[in-house]
Amino acid sequence: MKLTENQQKALSNFRQFVSFRNKISLVLSLVVLVCYYIFVLSVGLFPEVLGYRLGPSSVTLGILIGIFLIVLSIVTTGLYTFLANSYFDKDQDEILRELEENDVIKPLQNGEIDYKNFAESSKAKGDVE
């Protein structure tokens, strides 16, 4: 499929948007997963440290770290939701409108255009106007 310059720009914006959104979700997911797996690893390797009582109460360091992980999960979910509602949704609407204006939505939906590799594959085939 031959792509005009406007279609290429719309696809490029779409690809950058999807890439950025995926990177944000990946970073937030990795933060939670790394913290969680460090906690699980410390339970196996250093149970006496996590069993350390804080003062005369029955609250241990492990309980506090567990609560921290729950709060961290809630905060990262809230952060992503905030970003999605404040920025991603607006950008997505703009980009989808731009794709519709340039008649690129249907070819994308039908798989005629691979948005991840459109620039490289188009130039290699000579399909770019």
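The values are calculated or read from the model by the stated rules, or taken from the named source; none is laboratory data. For clarity, every value in this text was computed on a predicted model and none was experimentally measured. Positions of Cβ are generated from backbone atoms using ideal geometry, with glycine treated the same way; all protein chains shown enter the neighbour counts. Areas reflect the complete protein model, heavy atoms only, side chains present, ligands, DNA and RNA absent. Shrake-Rupley method; radii C 1.70, N 1.55, O 1.52, S 1.80 Å.
Worth pointing out:
- Applying a DSSP loop filter and a limit of 15 other Cβ atoms within 10 Å to the trypsin sites (Lys or Arg not before Pro) in region 1-41 leaves Lys2.
- Per residue, the accessible area of the chain comes to 70 Å² when a 1.4 Å probe rolls over the protein heavy atoms.
- Rounded to the nearest 20 debye, the dipole size of the chain about its Cα centre is 520 debye, using +1 on the Cβ of Lys and Arg and -1 on the Cβ of Asp and Glu.
- The share of accessible area on the chain that comes from carbon and sulfur is 62 percent, using a 1.4 angstrom probe.
- Of (1) 36; (2) 53; (3) 28, the label for percent of Cα pairs over 24 Å apart derived from the coordinates: (2)
- Taken as entire DSSP H runs, the helices of the chain that both span 30 Å or more between Cα atoms along their own long axis and average -1.0 or more on the Kyte-Doolittle scale are 5-45, 61-83.
- Filter on Lys2/Lys116; Lys23/Lys106; Lys2/Lys90 - keep pairs with C-alpha separation over 21 Å: Lys23/Lys106; Lys2/Lys90
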